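> After the structure tokens below, expect a handful of questions from me.
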Amino acid sequence: MNLTHRIMPSAALQPYVAYYWFFKTDHSSVAMNILPTWHSKWMFYRGKSMIVDGVGGGHETGRVCGLYLNSISVSVDDSTDSFFVVFKPYAMRLILGIPTDELFTRNLELSELGITELDDLKWRVLEARTNEEAVALVEEFLLRRLAAVNDFSNIRRIGAVCHAIESSPDTNVGSLSDVACLCQRQFRRIFTDYVGASPKQILRMRRFLLAAKELQNTTETTHVSEISARLGYTDHSHFYHEFHQITGMSPTEYVSHISQLRRCELIKGYNTYHGE
């Protein structure tokens, strides 16, 4: 049995939290290729933790996951009951007070951050009786942290840039620096500090994610060529190379993986994890 559930944040936290994601399995094996997203996460485990790229699977309690630019392999070989806080791309920097690029491709125990209040929150979340109670505890903590922030000027700039990327992923770094009202050099520095990767890396990843989403709805090789052309890849070979570089699979193998997730009734959890 696999259960997934997503809760949206309160109005006050919508600029900072994308959603809360819950995933529960009951003594079943689960394996999937998780696509890179530009969302950092907190992960609370009320059962065994997930195995990420071969690491984990023990009785861990909480982790922080930074931004990845490549897919990761996630599996569960026993029961798990997980709660993820999925942040907007720039929010972790504001809430934790550390540059997000320091978490780039890292998956750390929450206690390693050295924030006592966050470690206390972890134990209260794990003791929560319901998902809603767990969310309420996290939101209370986040609102308290945000109330102590004095300068939101960079958040407004980077928030506007992130909105522009979501709206037009075919944009370029020059246009995004104009949105931020910064010179390109300063823009790249601040963006990387808050989001965790460079604007160019994020634009590449966003284009890939659009391609992967379209691939979920096709099994025709000819349509793969149409997708690559529409999204601005220089040619079919370029698309295949970049797709394999990010996922470790060809587009055709990815389509087969999605078909397998559908057969195992995991596709809903897979899609909700990726924000769909």
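> Please go through the stretch 65-116 and pick out each residue that is of a type in the set (D, E, K, R) and farther than 16 Å from Met43 by Cα.
Asp77, Asp78, Arg93, Asp101, Glu102, listed by residue number.
> Return the total of residues in the stretch 216-246 being in contact (Cβ under 8 Å) with a residue 40 or more places away in the chain and in contact with a Phe, Trp or Tyr (Cβ under 6 Å, 6 or more places away or on another chain).
Qualifying residue count, the stretch 216-246: 1.
> I've got another one for you. Looking only at the stretch 195-226, how many residues end up being surrounded by fewer than 20 Cβ atoms within 10 Å (Cβ to Cβ) and at pLDDT below 80?
Total satisfying the criteria: 9.
> Could you check Trp38 against (1) assigned to a loop (DSSP other than H, G, I, E, B); (2) at pLDDT 90 or above and say which number it fails?
Here Trp38 meets the rest and fails (2).
> Let me spell it out: the conditions are (1) crowded, with 17+ Cβ neighbours inside 10 Å; (2) under 21 Å from Trp38 (Cα atoms); (3) at pLDDT below 90, and Phe187 meets all of them except one. Which number is the exception?
Status for Phe187: all satisfied but (3).
> Does Ile267 meet the test of being without any contact (Cβ under 8 Å) to a residue 12 or more places away in the chain, under 23 Å from Val30 (Cβ atoms) and surrounded by 14 or more Cβ atoms within 10 Å (Cβ to Cβ)? Spell out how you get there, then give the answer.
Working: without any contact (Cβ under 8 Å) to a residue 12 or more places away in the chain: yes; under 23 Å from Val30 (Cβ atoms): yes; surrounded by 14 or more Cβ atoms within 10 Å (Cβ to Cβ): yes.
Judged against the criteria, Ile267 is a match.
> Consider Ile34 against the criteria (1) surrounded by fewer than 19 Cβ atoms within 10 Å (Cβ to Cβ); (2) within 17 Å of Arg145 (Cα to Cα); (3) among the hydrophobic types (A, V, I, L, M, F, W, C); (4) touching a strand residue (DSSP E or B) at 6+ places or on another chain (Cβ under 6 Å): it satisfies all of them except one. Which criterion is unmet?
Result: Ile34 passes all but (2).
> Next question. Without any contact (Cβ under 8 Å) to a residue 12 or more places away in the chain and open to solvent by less than 40 Å² (accessible area, probe 1.4 Å): is that true of Ser167 in this structure?
Values: without any contact (Cβ under 8 Å) to a residue 12 or more places away in the chain: yes; open to solvent by less than 40 Å² (accessible area, probe 1.4 Å): no.
Judged against the criteria, Ser167 is not a match.
Matching residues to (1) within 30 Å of Met8 (Cβ to Cβ); (2) within 23 Å of the chain's Cα centre (by Cα):
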| residue | (1), (2) |
| --- | --- |
| Ser228 | no, no |
| Thr234 | no, no |
| Pro251 | no, yes |
| Lys268 | yes, yes |
| Tyr273 | yes, yes |
| Glu276 | yes, yes |
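> I've got another one for you. Restricting to the stretch 173-184, give me the number of residues that are open to solvent by 10 Å² or more (accessible area, probe 1.4 Å) and either in contact with a strand residue (DSSP E or B) (Cβ under 9 Å, 6 or more places away or on another chain) or closer than 25 Å to Leu35 by Cα (or both). Quick ask: steps written out before the conclusion?
The first filter runs over the stretch 173-184 and keeps only residues open to solvent by 10 Å² or more (accessible area, probe 1.4 Å), leaving 173-175, 178-179, 181-184.
Applying the additional criterion that residues be either in contact with a strand residue (DSSP E or B) (Cβ under 9 Å, 6 or more places away or on another chain) or closer than 25 Å to Leu35 by Cα (or both) yields 173.
Summing the residues that are open to solvent by 10 Å² or more (accessible area, probe 1.4 Å) and either in contact with a strand residue (DSSP E or B) (Cβ under 9 Å, 6 or more places away or on another chain) or closer than 25 Å to Leu35 by Cα (or both) in the stretch 173-184 gives 1.
> If a residue has to be outside any loop (DSSP other than H, G, I, E, B) and either surrounded by fewer than 17 Cβ atoms within 10 Å (Cβ to Cβ) or modelled with pLDDT of 90 or more (or both) to count, how many in the stretch 41-61 make the cut?
Initially, the stretch 41-61 is screened for residues outside any loop (DSSP other than H, G, I, E, B), giving 41-45, 51-52, 55-56.
With the extra rule that they be either surrounded by fewer than 17 Cβ atoms within 10 Å (Cβ to Cβ) or modelled with pLDDT of 90 or more (or both), the set shrinks to 41-44, 55.
The number of residues fulfilling the criteria is 5.
> Identify, from the list Ser250, Ser237, Ser153, the residue that is among the polar types (S, T, N, Q), surrounded by 13 or more Cβ atoms within 10 Å (Cβ to Cβ) and more than 24 Å from Cys65 (Cα to Cα).
On the way: Ser237 fails: surrounded by 13 or more Cβ atoms within 10 Å (Cβ to Cβ); Ser153 fails: surrounded by 13 or more Cβ atoms within 10 Å (Cβ to Cβ).
Result of the check over Ser250, Ser237, Ser153: Ser250.
> Quick one: how many residues across the stretch 73-99 are closer than 23 Å to Thr247 by Cα, at pLDDT below 90 and buried (at least 20 other Cβ atoms within 10 Å of the Cβ)? Before the answer, list the steps.
So the first thing to find is which residues in the stretch 73-99 are closer than 23 Å to Thr247 by Cα, and the list is 73-77, 84, 86-89.
Adding the requirement that they be at pLDDT below 90 leaves 73-77.
Keeping just the survivors that are buried (at least 20 other Cβ atoms within 10 Å of the Cβ) gives 76.
Total meeting the criteria: 1.
Residues are listed down the side, and each one gets a yes or a no for (1) closer than 24 Å to Phe22 by Cβ; (2) in contact with a Ser or Thr (Cβ under 7 Å, 6 or more places away or on another chain); (3) touching a residue at least 40 places away in the same chain (Cβ under 8 Å):
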position: Leu113; (1), (2), (3): yes, no, yes
position: Leu121; (1), (2), (3): yes, no, no
position: Glu127; (1), (2), (3): yes, no, no
position: Ile155; (1), (2), (3): no, no, yes
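The values are calculated or read from the model by the stated rules, or taken from the named source; none is laboratory data. Worth saying up front: this structure is predicted, and the values here are computed from it rather than measured. All Cβ positions, even for glycine, are placed from backbone atoms using ideal geometry, and neighbour counts span all protein chains on display. Just so you know, the surface numbers come from the protein's heavy atoms only, side chains and all, with ligands and any DNA or RNA stripped out. Shrake-Rupley method; radii C 1.70, N 1.55, O 1.52, S 1.80 Å.
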